[in-house]
Amino acid sequence: MARLRIGILSAAHVHAPAYLALLARMEDVALAGVWDEDPVLARERAHAVGTVAAATPAGLLAESDAIVIAGVNRDHRALAEQAAAAGVHVLCEKPLATSAADARAIIDACRRAGVLLMTAFPSPWNSVVEALISAVREGQVGEVVSLEGVNTGEMPDVHGAWFVDPALAGGGAVTDHVVHLADLYRRIVRSEVVEVYAVANRILQEGFDRVETGGLVALRFRNGVFATIDCSWSKPRSWPTWGGLSIEVLGTGGAIAADAFRQRLDLWGRREDGASWRSFGSDANAAMLRAFVDAVRTGGEPPVTGEDGLRAVEIVEAAYRSIATGAPVRLDPPG
Amino acid sequence: MSGERVGVVGGGFMGGTHAAAWAALGVPVTIFAEDAADAAGVAARTGAATAGSLEALIAGATIVDICTPTDTHAPIALAAAAARRHVICEKPLALSAADGEAIVAACAAAGVRLFVAHVLRYFPEVAEAKRIVDEGAIGDPAVIRLKRAAFRPRKPAGHWLFDPARSGGMVLDLMIHDLDFARWIAGDVVSVQCRSAANERPELGVEHALAILRHASGAISHVTGSWAYAEPAFRTSIEIAGSRGIVAYDSEEARPISSWLHAAPASGQGAVGIQKSLTREDPFRDELADFLGAIREGREARVSAADGLAALRIGLAAVEAARTGRVVDPAEVA
């Protein structure tokens with residue numbers, strides 16, 4: 001079986017090195033190279049895993065069967081359209097785009113070109129989340145009534161200044177964190193979001209006010225389930241890890257709470273370092289990349305589609321409209 | 001010692017708890033309950049005297065401590081104020097903002113003190129969280145998460161607690177604790193959004209609600225109230241994230257004693273779940289001691305009448321928001 005040639009198209013995202021390292025270890029994958037508008041970064045990322053830096057996106061696409069887009073959020077559309085035009089399959093970092101219009105354009109471009117499009121939401125492969133979804137499917141909580149989720153973390157400027165630049169990221173904490181839980185909720189509830197209410201502020205992370213750092217989002221699903229998401233960058237620099245993701249599902253049979261990153265060791269070293277948490281949970285990124293490669297090989301529907309990415313972006317867009325107006329915003333997605 | 005004498009109205013869980021606390025504080029206490037057997041039971045347990053009527057109770061007391069179902073708060077408080085007795089009223093102060101304001105106005109006109117028993121402010125983890133915020137340790141409060149997840153009170157169908165016309169429902173009875181706590185931390189609330197299972201899916205008989213508050217300070221709060229967890233859950237959590245740090249507490253993580261016993265004792269929860277702390281201090285006793293001290297010394301207590309009224313307005317706004325799907329300003333509720 002020929003190895004699937006996969007390139008990384010823009011490496012600005014914090015996940016790019018992890019994706020490269022994981023792809024490099026997959027026996028049926030050959031790294032095609034790395035392109036980034038910063039050639040120094042491209043070389044650094046490429047050399048770390050023994051692949052090449054490409055001079056242009058076109059050059060990389062010519063050598064790739066599939067690519068992972070790990071650029072700044074604003075560039076997802078242009079890069080995905082280029083890849084689709086070159087007949088290359090796409091795994092696109094989340095959020096799929098900075099607007100629903102861009103997300104739809106990506107979906108259309110890939111469909112027209114007949115290439116596979118998957119949105120890079122790793123959380124469905126988090127093994128704690130999988131266990132939660134199984135428990136709900138088995139009916140352990142009875143009929144689902146309500147979901148409460150927290151996906152909070154440090155301010156991500158430590159992973160790249162663009163994360164907190166609204167022109168490049170598309171927004172702040174709401175853009176950064178809402179999509180993960182919005183997508184997981186759709187998988188748990190198996191219904192679509194028809195109403196979004198959100199509030200936000202810029203109090204957290206003293207001295208920074210370019211984008212919202214705190215946010216709370218309330219969702220209502222077509223089947224009557226209601227839910228909330230805390231997406232705040234509320235963890236200070238002294239927090240023992242980057243942040244976390246947890247979901248509590250409440251139903252007629254009681255409640256189940258899942259902490260996706262609770263599989264950890266508590267580590268104390270030098271006094272000045274404080275405590276840190278080291279995860280021993282299964283690598284969700286590895287399973288997500290495996291699923292992408294398998295979908296490309298079999299030509300099947302990827303487990304996280306472009307439409308899934310679009311639905312999450314629509315929810316983010318509605319959240320910003322709600323923040324601006326102070327009122328709930330209605331959505332009417334198909335399904 | 002000034003000669004305060006307390007008349008407790010109501011012989012349920014809270015009446016019994018308050019009577020015991022007054023007795024522990026050495027304050028003479030008399031109890032009256034609609035059901036004389038309830039009053040006699042509390043009297044036997046606490047050493048309280050009993051009164052034959054509400055009028056007799058009020059006549060013999062200097063402080064009237066109202067521990068009755070919420071729909072009776074207003075008439076009893078107004079009667080006590082008319083007799084120029086200080087009033088301590090269980091939360092929520094009343095079932096409507098109009099009634100709450102009438103109680104506040106009557107007490108002010110009579111020149112008597114009014115305290116609303118938001119006992120949560122006297123729980124040690126809550127008081128410590130407030131101190132931490134006041135010390136400036138986390139900077140300006142920004143995003144607050146408060147949770148109170150209990151089992152459905154083990155009361156018969158038709159009990160007043162389950163009748164929204166008498167208790168205001170779970171939101172006004174239980175969630176109001178954290179609505180007051182959020183306001184204590186981050187100041188006045190300017191809008192409330194809320195979804196509740198009772199409104200979204202009334203056929204399921206589940207009492208569970210999520211509310212989002214906006215404060216005038218710009219802070220935002222997420223509050224969970226629930227009677228939908230399995231017994232004996234009484235889970236509470238606090239997370240206050242600020243401009244410079246975060247303070248957090250979760251009753252599930254903060255268990256000072258764990259046990260794995262072959263012969264497990266009962267959970268210790270009564271018919272209505274309550275928050276428990278393994279501290280020598282008793283929040284109910286500390287609360288009443290603060291109110292008593294405020295009366296004796298003419299000072300403010302940790303919870304003012306205005307706080308009780310503001311919490312009621314936020315609670316009513318949450319009820320209205322859950323009913324209508326609108327975002328409600330607490331100032332506009334009737």
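The values are calculated or read from the model by the stated rules, or taken from the named source; none is laboratory data. The model shown is predicted, which means the values in this text are computed figures rather than measured ones. Please note: Cβ atoms are built from the backbone with ideal geometry, for glycine as well, and neighbour counts cover all protein chains shown.
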Can you tell me which residue in region B:88-102 is surrounded by the fewest Cβ atoms within 10 Å (Cβ to Cβ), limited to those that are out of contact with any Asp or Glu (no Cβ under 7 Å at 6 or more places or on another chain) and part of a strand (DSSP E or B)? B:Glu90
Counting only residues that are surrounded by 24 or more Cβ atoms within 10 Å (Cβ to Cβ) and either among the charged types (D, E, K, R) or facing another protein chain (nearest Cβ under 10 Å) (or both), how many does region B:138-163 have? 7
For A:Arg330, are the conditions met, namely being under 30 Å from A:Asp102 (Cα atoms), among the basic types (Lys, Arg) and surrounded by 14 or more Cβ atoms within 10 Å (Cβ to Cβ)? no
From B:Arg183, B:Arg166, grab the single residue that is in contact (Cβ under 8 Å) with a residue 40 or more places away in the chain, in contact with a Phe, Trp or Tyr (Cβ under 7 Å, 6 or more places away or on another chain) and among the basic types (Lys, Arg). B:Arg166
Residue within region B:164-177 that is out of contact with any helix residue (DSSP H, G or I) (no Cβ under 6 Å at 6 or more places or on another chain), more than 8 Å from chain A (Cβ to nearest Cβ), surrounded by fewer than 20 Cβ atoms within 10 Å (Cβ to Cβ) and in a strand (DSSP E or B) present: no
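Could you please let me know if A:Gly170 is small (Gly, Ala, Ser) and at positive phi? Write out each step before concluding.
Details: small (Gly, Ala, Ser): yes; at positive phi: yes.
Yes, satisfied.
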Failed item, numbered, when A:Leu116 is tested on (1) modelled with pLDDT under 95; (2) touching a Cys at 6+ places or on another chain (Cβ under 9 Å); (3) aliphatic (A, V, I, L, M): (1)
Matching residues in region B:270-285 - criterion: being surrounded by fewer than 17 Cβ atoms within 10 Å (Cβ to Cβ) and either within 11 Å of another protein chain (Cβ to nearest Cβ) or of a type outside the set (Asp, Glu) (or both): B:Gly270, B:Ala271, B:Ile274, B:Lys276, B:Ser277, B:Leu278, B:Thr279, B:Arg280
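Determine whether A:Ala48 is in contact with a helix residue (DSSP H, G or I) (Cβ under 8 Å, 6 or more places away or on another chain), small (Gly, Ala, Ser) and surrounded by 16 or more Cβ atoms within 10 Å (Cβ to Cβ). Working first, answer last.
Details: in contact with a helix residue (DSSP H, G or I) (Cβ under 8 Å, 6 or more places away or on another chain): yes; small (Gly, Ala, Ser): yes; surrounded by 16 or more Cβ atoms within 10 Å (Cβ to Cβ): no.
The answer is no for A:Ala48.
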Subset of region A:290-310 that is under 13 Å from the mean Cα position of the chain (by Cα) and part of a helix (DSSP H, G or I) - its residue that is nearest to A:Pro328 (Cα to Cα): A:Leu310
Residue check: is A:Arg186 away from chain B (no Cβ under 13 Å), closer than 15 Å to A:Leu331 by Cβ and of a type outside the set (Ser, Thr, Tyr)? yes
Check off (1) buried (at least 19 other Cβ atoms within 10 Å of the Cβ); (2) part of a helix (DSSP H, G or I) for A:Met118 and give me the number that stays unchecked. (2)
Quick check: anything in region A:5-20 over 19 Å from the mean Cα position of the chain (by Cα), farther than 15 Å from A:Cys92 by Cα and not in a helix (DSSP H, G or I)? yes
For region A:154-173, name all the residues that are within 12 Å of chain B (Cβ to nearest Cβ) and either among the hydroxyl-bearing types (Ser, Thr, Tyr) or not in a loop (DSSP other than H, G, I, E, B) (or both). A:Ala173
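Could you list, in sequence order, all residues of region A:197-238 that are over 23 Å from A:Val164 (Cβ atoms), in contact with a Ser or Thr (Cβ under 6 Å, 6 or more places away or on another chain) and of a type in the set (A, V, I, L, M)? So that I can check it myself, show each step before the final result.
Going through region A:197-238, the residues over 23 Å from A:Val164 (Cβ atoms) turn out to be A:197, A:218-228.
The next check asks that each one be in contact with a Ser or Thr (Cβ under 6 Å, 6 or more places away or on another chain); those that pass are A:197, A:218, A:221-223, A:226.
Within region A:197-238, A:Ala218 is the sole residue that qualifies.
Among strands (runs of 3 or more DSSP E) lying entirely in region A:190-272, which contain 1 or more residues that are among the aromatic types (Phe, Trp, Tyr) and closer than 26 Å to A:Arg321 by Cα? Steps first, answer last, please.
Numbers: elements: A:193-201, A:214-221, A:226-230, A:243-251, A:254-259, A:264-268.
Answer list for region A:190-272: A:193-201, A:214-221, A:226-230.
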Of all residues in region A:128-153, which are of a type in the set (Asp, Glu), away from chain B (no Cβ under 11 Å) and either under 28 Å from A:Ser234 (Cβ atoms) or in contact (Cβ under 8 Å) with a residue 24 or more places away in the chain (or both)? A:Glu130
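Among the residues of region B:286-297 satisfying the criterion of being of a type in the set (Gly, Ala, Ser) and more than 20 Å from B:His177 (Cα to Cα), which is surrounded by the fewest Cβ atoms within 10 Å (Cβ to Cβ)? Before you say what the answer is, go through the steps one by one.
Let us first name the residues in region B:286-297 that are of a type in the set (Gly, Ala, Ser), namely B:289, B:293-294.
Filter once more, keeping what is more than 20 Å from B:His177 (Cα to Cα): B:293-294.
Values: B:Gly293: 12, B:Ala294: 18.
Applying the filter and picking the extreme gives B:Gly293.
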